[in-house]
Amino acid sequence: MGESVNETKRRSLREALSLISRAIIITENVCDKEQDAMDNCPENLQSTDRFEAMENAVENLNDAVEKLEEAKSQIEAAMV
């Protein structure tokens, strides 16, 4: 007997959750590396455009993680 339409949908949503979880891990890892680079930046370079770009990248990556976690929660809520 084949699986029901609902089970097919749930399986697809579980796959989406898995992919989002992986995206969160990858994004957090990149953000951590960028934060480490900022933390190790000499003080005389902290007022440069490059440093500002690093700060913006960290902020944007943190925002992306929040949005991915929010998407994950919304998908989980839809699976009830």
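The values are calculated or read from the model by the stated rules, or taken from the named source; none is laboratory data. Being a predicted model, the structure only gives us computed values, none of them experimental. Neighbour counts run over all protein chains shown; Cβ positions are idealised from the backbone, glycine included. The protein model used for the area step is the full one, side chains on, heavy atoms only, and it has no ligands, DNA or RNA in it. Shrake-Rupley method; radii C 1.70, N 1.55, O 1.52, S 1.80 Å.
Measuring with a 1.4 Å probe in the full set of protein chains, what accessible area per residue, in whole Å², belongs to the chain?
76 Å²
In straight Cα distance, which lysines are under 26 Å from K9, not counting same-chain residues fewer than 8 positions off?
Once the sequence-local lysines are set aside, what remains near K9 is K67, K72.
Grab the eigenvalues of the alpha-carbon gyration tensor for region 1-57, scale each by 5, take roots, and send me the semi-axes largest first in whole angstrom.
After scaling each eigenvalue by five and taking roots: 44, 9, 4 Å.
What nm value, rounded to one decimal, do you get for the distance between S21 and M79 when each label is placed 7 Å out toward the C-beta?
0.8 nm
Just to verify a number: what accessible area does L61 come out at with the full protein assembly present, 1.4 Å probe, Å² rounded to tens?
40 Å²
Which angle between 0 and 90 degrees, to the nearest 10, do you get for helix 49-78 versus the longest principal axis of the chain when only C-alpha atoms count?
20 degrees
State the percentage of accessible surface on the chain attributable to carbon and sulfur atoms; use a 1.4 Å probe and exclude ligands, DNA and RNA.
Of all accessible area on the chain, carbon and sulfur atoms account for 50 percent.
Using the alpha-carbon atoms, what tilt in degrees (0 to 90, nearest 10) does helix 5-39 show relative to the longest principal axis of the chain?
10 degrees
If the chain between L45 and K33 were fully stretched, how many nm would it gain, using 0.36 nm times the residue separation less the Cα-Cα distance?
2.6 nm
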